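Comments concern the structure below.
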Amino acid sequence: MSNRTPPVTLQAFLRDAATRVETRIQETLEQPVPNAEKLFEAMRYAALGPGKRLRPALVYACAKAFHGGDFDPAKCDVTAAALECIHAYSLVHDDLPAMDDDDLRRGRPTCHIAFDEATAILAGDALQTQAFELLLADNTEPALKLQLLQELTAASGSRGMVAGQAIDLDSVNKTLTLEQLEPMHRLKTGALICASARMGALLGGADSVQLQTITHYAQAIGLAFQVQDDILDITADTEVLGKNQGADALLNKPTYVSLLGVNGAREKLQGLHKQALDALATLPGDTSLLQALADYIVQRSH
């Protein structure tokens, strides 16, 4: 069994990962195109505002787990920044009036409220393409770069996150079964989380068997993240949550809480947590950071 004592605290690790990725994104967006300053301001607002930076953290933690303690985190910076750009774009578009029509995100006005709807749409578009520009310009070995691009495109598009969002929108005011709800969330929330773990593992030199194992881990925590979101949407207040409490219920969206109740959703969450830890137990090396991230996902309060 791997050592469960992290070399650094999870909080310190998350702060360092956030600082690294925010610095990289800031550098990328610090020279706006003349007469398009508002667009770049909106992109920075969306990508550099308050956030967990969970997806970048998974990249660093997986690379470290598979490569070992001497791994240089700088090799992950571009990949982590690309993933955060995709995530930021998805949130900007998710909040739009035609989608979830939210006016609060992470305790601040959503992008279309802080700027305007057209600028928010363009900022999301630009952040999406910025992710691929970052990866293509990186000096990663070509074969590995292609693998990373394949992972990100598959997770982000019509067979990944976007498909999940489409299913989610089509499910409003409908009754879904658990068997229908889970595939939607594996795409909408889980696909990018899974890609983050797999891309980090690839950077760390994971072999095909190890990559499959980290996929099982990431699928479990990706779904756990959504289950905890559903629980918090009911149990946390707006100030702590950083977005409007009860938003899913107001939109009459199917959730794990609406189908299972709060206690049933918590049981589901604990089962997913166990699946994640069981997967890690089969891997060699130090997986303590990955274990701590799984703990964090199921215990978070916002």
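Selection within region 258-270: residues that are under 22 Å from the mean Cα position of the chain (by Cα) and over 12 Å from ALA294 (Cα atoms). The member of this set that is surrounded by the fewest Cβ atoms within 10 Å (Cβ to Cβ) is ARG266.
Candidates in region 103-143 are the residues that are assigned to a loop (DSSP other than H, G, I, E, B) and hydroxyl-bearing (Ser, Thr, Tyr); of these, the one that is nearest to LEU91 (Cα to Cα) is THR110. Among the residues that make up region 17-39, is at least one of them in contact (Cβ under 8 Å) with a residue 12 or more places away in the chain, over 23 Å from LEU211 (Cβ atoms) and buried (at least 24 other Cβ atoms within 10 Å of the Cβ)? Yes, region 17-39 contains at least one residue that is in contact (Cβ under 8 Å) with a residue 12 or more places away in the chain, over 23 Å from LEU211 (Cβ atoms) and buried (at least 24 other Cβ atoms within 10 Å of the Cβ). For region 92-99, the criterion of a residue being modelled with pLDDT of 95 or more, in a loop (DSSP other than H, G, I, E, B), touching a Cys at 6+ places or on another chain (Cβ under 8 Å) and under 26 Å from ILE297 (Cα atoms) is satisfied by at least one position. Residues of region 195-231 that are in a helix (DSSP H, G or I) and among the small types (Gly, Ala, Ser): ALA195, SER196, ALA197, GLY200, ALA201, SER208, ALA218, ALA220, GLY222, ALA224.
Could you tell me whether any residue of region 214-229 is surrounded by fewer than 17 Cβ atoms within 10 Å (Cβ to Cβ), at pLDDT below 95 and out of contact with any Leu (no Cβ under 9 Å at 6 or more places or on another chain)? Looking for residues that are surrounded by fewer than 17 Cβ atoms within 10 Å (Cβ to Cβ), at pLDDT below 95 and out of contact with any Leu (no Cβ under 9 Å at 6 or more places or on another chain), one finds none in region 214-229, hence no. For region 284-295, a tally of residues being at pLDDT 95 or above and over 20 Å from the mean Cα position of the chain (by Cα) returns 0. As a summary of the residue check, ALA74 satisfies the conditions (1) in a helix (DSSP H, G or I); (2) farther than 30 Å from LEU280 by Cβ except for the one numbered (2).
The values are calculated or read from the model by the stated rules, or taken from the named source; none is laboratory data. Values in this document were obtained by computation on a predicted structure and should not be read as measured data. Positions of Cβ are generated from backbone atoms using ideal geometry, with glycine treated the same way; all protein chains shown enter the neighbour counts.
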